[in-house]
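Here is the structure we will look at, set down as structure tokens.
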Amino acid sequence: MNTSFDVHAIYQLMHDSHIQFSYKGPITQDVLISLGDTIKEELHRDDCDAKVIRRVFSVLVEAAHNILKYSSEKTVLDKSKTVGIGLIGIGKTPEGCFVVFSGNFVSPTEAEDIKTRLDYINTLSPSELTRNYQQQMRQGTISANGSAGLGLYEVARKSGRPIDYSFTPGPDGMMFFEMKIVVEVED
Amino acid sequence: MMKKLHIEGTRYSPRIELDPETRTLLIEGDSYPENAVDVYGPLITALDEYFEQPNTPLNIKMLSFFQNTSSSKMITDMLARLQHFFDMGHPVELTWFYPSDDLEIKDTFELFLEDASFPYSITQLEE
């Protein structure tokens, strides 16, 4: 391992960006559970409304499962189960809203697909969003890996504003996909 | 008669019990597995077997407040199956509990049951 990196700089960046916590690595179901527990506890301690805690958790779950299933960077766990590697975390905006953020590499084809879907979702009003979500829920099919094509809709519904995302070209022709999802504290 | 179906709950998936003797189905616990097909697939298969005899009643109790989208999809498919069995003459009824005063969860459950014509109630769980 290269030890020339600057831990203080990482700390300072997280501190200055109001990041409460962040994790990078294989996103397993166990990691998701402990992240979920940590954030639930922390939000509970801050006297956050149960509704807000659930919204944040819901967005966290969908973002984590996106990485687990679609990250192009993968690792094999025991029992030969493959999981995606990525970065996920929670921060706060200056207005006191929560931000769930995620970042992972995807293939260019996957990037194109995600972009098309997010651009479409970002044009929808809240009522159109619910209608589309319902339609996909009733008429869509679920794939063998458990994807129902609903994750990004759910994230948008819980966020109530356009999803902030970007793609940055990375090594080996892969694209780094990052997403910042703001969860409002008030209705 | 079919055997009782028992699926153990985990931190992220509900306990499921389909009992042909008591004619009940219980789904209890939050649901956010990576792949909900693993959790609800066996239940949907078991329901097909459960309703093989005509006029089989089923009383469903759901005590599950949180679902990820994969689970929501499987629950929607399960409810559509139950509607199908109800239409075929099986007396199906469902109670879905929500935590007291949490109207957002109540609204979510109402959306799930929008198309259902079998008897159901969305009931506040007393603390």
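The values are calculated or read from the model by the stated rules, or taken from the named source; none is laboratory data. All values reported here derive from a predicted model rather than from experimental measurement. Ideal geometry is used to build each Cβ from the backbone, glycine not excepted, and the neighbour counts take in all protein chains shown.
Can you find a residue that is without any contact (Cβ under 8 Å) to a residue 60 or more places away in the chain, assigned to a helix (DSSP H, G or I) and either more than 14 Å from every other protein chain (Cβ to nearest Cβ) or of a type outside the set (A, V, I, L, M, F, W, C) (or both) anywhere in the range B:109-120? Within the range B:109-120 (the criterion being without any contact (Cβ under 8 Å) to a residue 60 or more places away in the chain, assigned to a helix (DSSP H, G or I) and either more than 14 Å from every other protein chain (Cβ to nearest Cβ) or of a type outside the set (A, V, I, L, M, F, W, C) (or both)), the answer is yes, since at least one residue qualifies. Scanning the range B:91-127 for residues that are closer than 18 Å to B:LEU26 by Cβ and in contact with a Pro (Cβ under 8 Å, 6 or more places away or on another chain) returns B:PRO91, B:VAL92, B:GLU93, B:LEU94, B:LEU125. Under the condition of being more than 14 Å from A:PHE177 (Cα to Cα), touching a helix residue (DSSP H, G or I) at 6+ places or on another chain (Cβ under 6 Å) and more than 8 Å from chain B (Cβ to nearest Cβ), the residues counted in the range A:101-148 number 3. Per the conditions (1) more than 15 Å from the chain's Cα centre (by Cα); (2) closer than 26 Å to A:GLN20 by Cα; (3) surrounded by 15 or more Cβ atoms within 10 Å (Cβ to Cβ); (4) among the hydroxyl-bearing types (Ser, Thr, Tyr), the sole criterion not satisfied by A:SER72 is (2).
Of all residues in the range B:41-53, at least one satisfies being closer than 16 Å to B:ARG81 by Cβ, surrounded by fewer than 21 Cβ atoms within 10 Å (Cβ to Cβ) and of a type in the set (Val, Ile, Thr). Residues of the range A:27-48 that are surrounded by fewer than 21 Cβ atoms within 10 Å (Cβ to Cβ), touching a helix residue (DSSP H, G or I) at 6+ places or on another chain (Cβ under 9 Å) and either among the aliphatic types (A, V, I, L, M) or on the phi > 0 side of the Ramachandran plot (or both): A:VAL31, A:LEU43. When A:ARG138 is tested against the conditions (1) within 19 Å of B:LEU113 (Cα to Cα); (2) surrounded by 17 or more Cβ atoms within 10 Å (Cβ to Cβ), the lone failure is (2). For the range A:96-104, the condition holds for no residue, the condition being that it is modelled with pLDDT under 90 and in a helix (DSSP H, G or I).
Given the condition within 14 Å of chain A (Cβ to nearest Cβ), part of a loop (DSSP other than H, G, I, E, B) and under 15 Å from the mean Cα position of the chain (by Cα), answer yes or no: does some residue in the range B:86-103 qualify? There is no residue in the range B:86-103 that is within 14 Å of chain A (Cβ to nearest Cβ), part of a loop (DSSP other than H, G, I, E, B) and under 15 Å from the mean Cα position of the chain (by Cα).
Any chance the range B:63-76 includes a residue that's of a type in the set (Ser, Thr, Tyr), modelled with pLDDT of 95 or more and either loosely packed, with under 15 Cβ neighbours inside 10 Å or farther than 22 Å from A:ILE142 by Cβ (or both)? No, the conditions are met nowhere in the range B:63-76. Name the residues in the range B:30-66 that are assigned to a loop (DSSP other than H, G, I, E, B) and either within 14 Å of chain A (Cβ to nearest Cβ) or among the β-branched types (Val, Ile, Thr) (or both), would you? Scanning the range B:30-66 gives B:ASP30, B:TYR32, B:PRO33, B:GLU34, B:ASN35, B:THR56, B:SER64, B:PHE65, B:PHE66.
Against the test of being surrounded by fewer than 19 Cβ atoms within 10 Å (Cβ to Cβ) and either under 12 Å from the mean Cα position of the chain (by Cα) or away from chain B (no Cβ under 11 Å) (or both), the options A:LYS51, A:LYS24 yield a single qualifying residue, A:LYS24. Taking every residue in the range A:31-44 that is touching a residue at least 24 places away in the same chain (Cβ under 8 Å) and pairing it with any residue that is hydroxyl-bearing (Ser, Thr, Tyr), at least 6 positions away or on another chain, the pairs with Cβ-Cβ distances below 9 Å are A:VAL31/A:TYR23; A:LEU32/B:TYR12; A:LEU32/B:TYR32; A:LEU35/A:TYR23; A:GLY36/B:TYR12; A:GLY36/B:TYR32.
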